[in-house]
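Visitor: Okay, here's the structure, questions in a sec.
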């Protein structure tokens, strides 16, 4: 695969930012690794980082490059700061950057598919929240969305994390989070009423993770709303050992079209 560190200017953010990109490459001469590339533009996975991370973290702390080499899948890992992937109340417009500007920039810079059936999003922790919110608010963009240890019950997470009260206020404002435009539970519950054709959804969380109750609540609300959700809660904490293992499950779960799947 090709590993690209891309520094560029964002008109929405009004500043320079960056993304790390993995691009498929057909290769048989590498020892211990065989790469696959589709004949046409490859499918793309937008992979979001957590609160304390940046655009390089997934490739530094997991073997994501090795895991996708045989899938013919491009992976875009953007920098979103500590924004929860939304337009911050007292900050920058990371939500607009992510949902509107970034896909256009990626399509302009790289030869990747822009078809809904070839486009996926996933993330961990804060990025798990961002992936689900992006999918629930822009459902026609994605075929599938996955959360790994995501902050899926935002109001409960904010109540339990009093030490980050200023962060939540800066990003979301001082109003109640439950029932707001940022509340995933509300977005999920209203999905059926809006007759929205949602992407396929997946969520996982470790049973030793403090975010497990919020993930369980998300699962319950999905069931009550009649929204299909692939869900996995098993041994693990809020750490990279868990995420390195579970990103492999996410990749196996993605509905990649046969033409872009790894050869058997």
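The values are calculated or read from the model by the stated rules, or taken from the named source; none is laboratory data. Since this is a predicted model, take the numbers as computed values, not measurements. Please note: Cβ atoms are built from the backbone with ideal geometry, for glycine as well, and neighbour counts cover all protein chains shown.
Visitor: Looking only at residues in region 14-37 that are buried (at least 20 other Cβ atoms within 10 Å of the Cβ) and in a loop (DSSP other than H, G, I, E, B), which one is modelled with the lowest pLDDT?
Guide: Step by step, filter region 14-37, then rank; the result is 36.
Visitor: Looking at region 119-151, which of its residues are in a helix (DSSP H, G or I) and closer than 12 Å to residue 103 by Cβ?
Guide: Of everything in region 119-151, just one residue is in a helix (DSSP H, G or I) and closer than 12 Å to residue 103 by Cβ, namely 134.
Visitor: What is the one condition in (1) more than 13 Å from residue 217 (Cα to Cα); (2) modelled with pLDDT under 95; (3) in a helix (DSSP H, G or I) that residue 174 does not satisfy?
Guide: Every condition holds for residue 174 apart from (3).
Visitor: Kindly evaluate residue 71 against the criterion of being modelled with pLDDT under 95, farther than 25 Å from residue 100 by Cα and not in a strand (DSSP E or B).
Guide: No; evaluated as a whole, the condition is false for this residue.
Visitor: So residue 76 clears everything in (1) over 15 Å from residue 20 (Cβ atoms); (2) touching a helix residue (DSSP H, G or I) at 6+ places or on another chain (Cβ under 7 Å); (3) surrounded by 24 or more Cβ atoms within 10 Å (Cβ to Cβ) except one condition, right? Which one?
Guide: Evaluating residue 76 over (1) over 15 Å from residue 20 (Cβ atoms); (2) touching a helix residue (DSSP H, G or I) at 6+ places or on another chain (Cβ under 7 Å); (3) surrounded by 24 or more Cβ atoms within 10 Å (Cβ to Cβ) leaves (1) as the failure.
Visitor: Please enumerate the residues belonging to region 190-229 that are at pLDDT 95 or above, surrounded by 16 or more Cβ atoms within 10 Å (Cβ to Cβ) and outside any helix (DSSP H, G or I).
Guide: 199, 200, 201, 202, 203, 204, 205, 206, 209, 211, 229
Visitor: The conditions are (1) loosely packed, with under 14 Cβ neighbours inside 10 Å; (2) under 17 Å from residue 135 (Cα atoms), and residue 179 fails exactly one of them. Which is it?
Guide: (2)
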